């Protein structure tokens, strides 16, 4: 007898029991071994993708300042990184930030738990997987997406910073995507903070000793990432980054206003002749 499976929300749908598909929507979209009449089915997927964007935008549009926290789903409660994730969630909430995670267990649960127990807004953005993984129990606002790329857009669009605790491939994927967006100027309000200096030291050494030495990144690129072991410093880094950015924007606006005034004065002078 097959074991009953939990309810899982996936965007606007809810699957129950054996109705949960063994393959995911992402997998079916990306698998080129599909039916020969793909031209008749793929265009309709655009509407489903659109509906996920609409749902995500509608759900998160009024969240306010938020920080995404990433890390391993395999981290167990009562371990140092779980406790650190929970402390970070608490301090971010106390500083006025909503906390966004991937909605799963481990570090994600820890950050959601810290935020919720501190009275902050705790958000979970889950993903449909070929194995069961429901949203954790410490989420105030939650949705499970079908498509990874839609979910990633929500993380970046509604976060003002990324905090990255130790994790696996998924965590590294989010880390390097965020660094690429910062490096290429696609996002500007985006400090990226790595938590756990011992865990991340090998990666930092490789970035400096291989990528930088080989010239595949620019000299200032490694400085796009902060590294700390302290939850208070995480909040301080994020706050300081946003204050510095606000000051630069204000100074830039002043320069633009002065240039506009000078241009207007020049035009008035020219018209007087």
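Each value in this text was obtained by applying a stated rule to the coordinates, not by laboratory testing. Predicted, not measured: the structure shown is a model, and the values here were computed from it. Note: ideal-geometry Cβ built from the backbone for every residue, glycine included; neighbour counts use all protein chains shown.
Brief remarks on what is shown
- Peptide ranges 83-90, 47-54, 151-158, 110-117 listed from the most packed, as the mean C-beta count within 10 angstrom indicates: 110-117, 83-90, 151-158, 47-54
- A Förster radius of 35 Å combined with the Cβ-Cβ distance from residue 232 to residue 51 puts the calculated FRET efficiency at roughly 0.30.
- Sequence-separation-based contact order of region 97-247, relative, with Cα cut under 8 Å and 6+ spacing, percent: 16 percent
- Cα extents of region 54-231 along the three principal axes, largest first (Å): 45, 38, 36
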